[in-house]
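The values are calculated or read from the model by the stated rules, or taken from the named source; none is laboratory data. Computed from a prediction, not measured in an experiment: that's the story for all the values here. All Cβ positions, glycine included, derive from the backbone under ideal geometry; neighbour counts span all protein chains shown. Keep in mind that these areas ignore ligands, DNA and RNA; they rest on the heavy atoms of the full protein, side chains included. Shrake-Rupley method; radii C 1.70, N 1.55, O 1.52, S 1.80 Å.
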Amino acid sequence: MTSPHPPFSPVAISTEAFAPQQRLAKWRDIYGDNIAKVDIETIGDDPFHASVKFQALPGVALVSGARSAAHYRITRQHLIGARDGFGISVLLSGASTTRQLGRENVLSPGGAVIISGTDPSVSTMHRLGRFLTIVLPRPKLSGLVQDLDSAYARQIPAQNAALQLLIRYVSTLHQGGPPDNAALAQAVASHLIDLAALAVGTGVDVAHEVLQRGVAAARLQTIKTDIRNGLGDHALSPAVVAARHGVTPRYVHKLFERDGTSFSEFVLARRLERALEMLKDPHFAGHTISAIAFDCGFSDLSYFNRTFRRVYGGTPSDIRNAAFRAR
């Protein structure tokens, strides 16, 4: 019997599930009192709205969503029994301020603030906006970041390259779906920790180690997602991808080599997978095989037929006919 909620899958809640007149009270009860341990005070007369998606990974949690204007206040009472961690809270849209440890940070979209998980704070969304918070283990990060405690209640500017890569990596995770096993989830969590350490700030020696490990892995994942989204582009090449990601073509080649494959092998495999999906999909029954091959990025039909047969043990026509007979 399969689990109704696979491990590492996100869980989402929203005020849209409740009648408008009940939304604030329900959110205070479910989210404020039982999940986040926070007091919620609305601002202005606009209808209250909030939606949050949680994703737990080994030692790390991702929290993203949207909020209407409100103060979210964490007191000493709320912090009883709090885990020894902190958060990197990113403003994706809207306008917000955060007050903690006697400092106030005014955020613009793309910027972030480092929030201690063991000190009171007030986070204010001034108008409807989106956010992302990466919750991290302090003991793990303190081994990578010198004097981590001094970073609390301080901003990471939107121009910070490691922060930008961290945001893109989380977006890639959300697009690609949750890790399907514990080993992969642990690897993802390690990459997030490495990127977070770089965004907060590390020493030179640690930064070199982290760059070799976490940043390369994150870049490879974002590049793979980019490739999957552009398989039909007949001009797809290492140079094109490198230009989009601000790296050199040689660096792109090295990323795939470290992953045990090559750029061309990865692209070919994904294009064949896409073609197989389309051949089996009744929505594409009216498409010729040559049209499907072209849509998947193949310019040479004979090459497509040869490689498809070598990988799947049958011609595209055989696979399509068998799939339709099975239906």
Requested in this report: Go through region 225-241 and give me each residue that's in contact (Cβ under 8 Å) with a residue 24 or more places away in the chain and either of a type in the set (A, V, I, L, M, F, W, C) or under 14 Å from GLU273 (Cα atoms) (or both).
Outcome: ILE227, ARG228, LEU231, GLY232, LEU236
Query raised in the report: Is it fair to say ALA161 is open to solvent by less than 60 Å² (accessible area, probe 1.4 Å), of a type in the set (A, V, I, L, M), farther than 23 Å from ALA50 by Cα and at pLDDT below 90?
Result: no
Query raised in the report: Is it true that SER299 is farther than 30 Å from TYR169 by Cα, in contact (Cβ under 8 Å) with a residue 60 or more places away in the chain, open to solvent by 50 Å² or more (accessible area, probe 1.4 Å) and not β-branched (Val, Ile, Thr)?
Result: yes
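Being free of Cβ contacts under 8 Å to residues at least 12 places away in the same chain, assigned to a loop (DSSP other than H, G, I, E, B) and out of contact with any His (no Cβ under 6 Å at 6 or more places or on another chain), is that true of even one residue in region 132-145? Can you show your working first?
Pass one, region 132-145, residues free of Cβ contacts under 8 Å to residues at least 12 places away in the same chain: 142-143.
When the remaining residues are screened for being assigned to a loop (DSSP other than H, G, I, E, B), the result is 143.
Next, from what is left, pick out any that are out of contact with any His (no Cβ under 6 Å at 6 or more places or on another chain): 143.
Yes, region 132-145 contains a residue that is free of Cβ contacts under 8 Å to residues at least 12 places away in the same chain, assigned to a loop (DSSP other than H, G, I, E, B) and out of contact with any His (no Cβ under 6 Å at 6 or more places or on another chain).
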Report task. Tell me which of these ARG325 doesn't satisfy, since it passes every other one: (1) in a helix (DSSP H, G or I); (2) closer than 27 Å to GLN175 by Cβ; (3) without any contact (Cβ under 8 Å) to a residue 24 or more places away in the chain. Result -> (2)
Report summary line: Selection over region 29-52 where residues are closer than 16 Å to GLY65 by Cα and open to solvent by 70 Å² or more (accessible area, probe 1.4 Å) yields a count of 1
Report summary line: Within region 241-264, residues open to solvent by 50 Å² or more (accessible area, probe 1.4 Å) and either in contact with a strand residue (DSSP E or B) (Cβ under 9 Å, 6 or more places away or on another chain) or part of a helix (DSSP H, G or I) (or both) come out as ALA243, ARG244, PRO249, ARG250, TYR251, HIS253, LYS254, GLU257, ARG258, SER264
Report summary line: Taking region 284-322 and keeping residues of a type in the set (D, E, K, R) and either over 25 Å from GLU265 (Cα atoms) or assigned to a helix (DSSP H, G or I) (or both) leaves ASP295, ARG306, ARG309, ARG310, ASP318, ARG320
Query raised in the report: Hey, among ALA82, ALA66, ALA25, ALA95, which residue is under 18 Å from GLY111 (Cβ atoms) and surrounded by fewer than 17 Cβ atoms within 10 Å (Cβ to Cβ)?
Result: ALA95
Query raised in the report: Can GLN100 be described as more than 25 Å from GLN159 (Cβ to Cβ) and of a type in the set (S, T, N, Q)?
Result: no
Report task. Inspect region 55-62 for any residue being crowded, with 18+ Cβ neighbours inside 10 Å, without any contact (Cβ under 8 Å) to a residue 40 or more places away in the chain and under 20 Å from the mean Cα position of the chain (by Cα) and give the result as yes or no. Result -> no
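Okay, residues lined up against (1) more than 22 Å from ASP149 (Cβ to Cβ); (2) modelled with pLDDT of 95 or more:
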| position | (1), (2) |
| --- | --- |
| VAL11 | yes, no |
| SER14 | yes, yes |
| ARG23 | yes, yes |
| ASP45 | yes, no |
| ALA69 | yes, yes |
| PHE86 | no, yes |
Query raised in the report: Do you know which of the residues in region 69-79 that are among the hydrophobic types (A, V, I, L, M, F, W, C) and surrounded by 17 or more Cβ atoms within 10 Å (Cβ to Cβ) is nearest to THR118 (Cα to Cα)?
Result: ILE74
